[in-house]
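All remarks here apply to the structure that follows.
The values are calculated or read from the model by the stated rules, or taken from the named source; none is laboratory data. The structure presented is a predicted model; accordingly, all values stated were derived computationally and were not measured. With ideal geometry, Cβ positions are generated from the backbone for all residues, glycine too; neighbour counts draw on all protein chains shown. Ligands, DNA and RNA are excluded from the accessible area calculation, which covers all protein heavy atoms including side chains. Shrake-Rupley method; radii C 1.70, N 1.55, O 1.52, S 1.80 Å.
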Amino acid sequence: MTFIKPLFLFLLSVSILGISSGCATLPNVTEKIDAAPSAQAPRQIASAKGMLSPKQSKAIMDRLQQSVAPTDILERHTAVVESVTESPLTKGNKVTLLTDGPAAYAAMFKAMQSARVHINLETFIIDDDDVGRKFSDLLLKKQAEGVQVNLIYDSVGSVTNPASFFERLRAGGVQVVEFNPINPFKAHWNWLLAHPDHRKILIVDGKIAITGGINISSVYSSKLSGRHEHEGVPLPWRDTDVQIEGPAVAEFQKLFLDTWSKQHGPELVGNYYPRMEENGNALVRVVGSTPGSDNRITFIVYVAAITFAEHSIHLTNAYFIPDDQILKAFRDAAGRGVDVKIILPGTTDSTMALNAARYNYSDLLESGVKIYERRNALLHAKTAVIDGVWSTVGSTNLDYWSLLSSDEVNAVVLSREFAAEMEKSFAKDLVQSHEIKWEEWKERPLLSKMREWFAHLFVHWL
């Protein structure tokens, strides 16, 4: 079995070279903004009973706008996003913030235990460890009870799992799809390992959806993980998910079923779109992104949100290797007086990615952006809250790999109440973080600068 890893690395390299030699580029967001309809045009809001009239939609947006300080993040940003995606802004959603693995797993298990019709699970990683086996045991139990369980896992993300892990699920009736199989003979003539499925979505009975950055692995459990250490001390992973109940769940379902179809999964029988009910007051848009010149929606969402911010941008990201458009958007925001704070990992599972991120610190710090590195945890969250009303939680990292090559999904939430919860979570992370001061940073050792420069050479592969 010693040949498997070298062979896999060789095949992955070939695949990566194949995509990098193509014309994959990120869209010009300024052009997208200029081409978007006027912000005064009626917004398109969906309810549990269908699309609202322009007058009803405008009334909802006006009430939300009046509840916060004046900001372009609502009207103008919504107009831009509507111009690049068919996923509607939906009203009547209950949104629950799930901070860290224990909270997310508890919510996921509670939702799955309540399942009566189906469980759809899409994940980058599902490990063959204590947590992964608890998930598989429950999935098999629900399948035996007559609940149809459908699983999509990424072939690269779960490459270390033995085949027996998935064979056990299949033997129990669970329908399992391997996203872009490592074995090219299983890939239906569409073999490209440089296109991973980085989404994390759980959908139960078409009524509850949970998404974010949390994979299925014991590294997210309450116990400290020995997989990554700092100064000899095992570090816990710090991540964020969100649970959504309401009309927005149907948009997650569409993404899952589309991926299932594209990966040639078995035909699914039954009602995957039950009658929806409104469960809360949050406006939610589900933003899915796939490789392709017109499909880098999460990138457009982030750049436009930063561009339209007027008061505050509080962002947390695990792998921060942004392109020039994102960097410029942050610099410009700080230049017009926006309070820009970014929390990044102080320790990570990729030293190259950490150094590549630090390469951009000087440029950002000089422009007035405040940068913090999280201590005492391995930061894996991908979240943002802007102007106290616009929030996002999802799987999208601000790096080239995530923005160019991966299937990603983010929930965008327009809600003053949910934004307040996000701000509280951000503040807690801020207390556990070290601020990078420009006067100190510019005096860092030459060796550190050389490491950052070297890592920057490989930004498209990190």
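Worth a mention:
- Placing His118, His434 in order of accessible area, with the largest value first and a 1.4 Å probe, yields His434, His118.
- With the simple spin-label model, which puts each label point 7 Å out from Cα in the Cβ direction, the Glu435 to Lys141 separation comes to 4.8 nm.
- Checked against a 30 Å cut-off, the cross-linked pairs Lys341/Lys449; Lys424/Lys449; Lys94/Lys428 give Cα-Cα distances beyond that limit for Lys424/Lys449.
- Given 15 as the ceiling on other Cβ atoms within 10 Å, longest exposed-site-free region of the chain for trypsin sites (Lys or Arg not before Pro) in DSSP loops: 117-222
- Signed unit charges on C-beta, dipole axis of the chain, positive-most listed residue Pro266, His460, Tyr359: Pro266
- Candidates per chymotrypsin sites (Phe, Trp or Tyr not before Pro) in the range 294-344, loop by DSSP, up to 11 other Cβ within 10 Å: none
- Given their separation in residues at 0.36 nm each and the Cα-Cα distance between them, Leu327 and Glu86 gain 84.0 nm when the chain is fully extended.
- When only the Cβ of Lys, Arg, Asp and Glu is charged (+1, +1, -1, -1), the dipole of the chain relative to its Cα centre reaches about 600 debye.
- Sparsely packed GluC sites (Glu not before Pro) within the range 60-131, loop by DSSP, other Cβ within 10 Å at most 10: Glu86
- Helical runs assigned H by DSSP (4 residues or longer) give the chain a calculated mean residue ellipticity at 222 nm of -11000 deg cm²/dmol, each run adding -39500 (n - 2.57) before division by the residue total.
- Nitroxide proxy distance, nm - points 7 Å out along Cα→Cβ at Asp34 and Phe454: 4.2 nm
- Theoretical FRET efficiency, 1/(1+(r/R0)^6), r = Cβ-Cβ of Arg444 and Glu310, R0 35 Å, to 0.05: 0.60
- Across the range 244-336, Cα pairs under 8 Å and at least six residues apart give a relative contact order of 26 percent.
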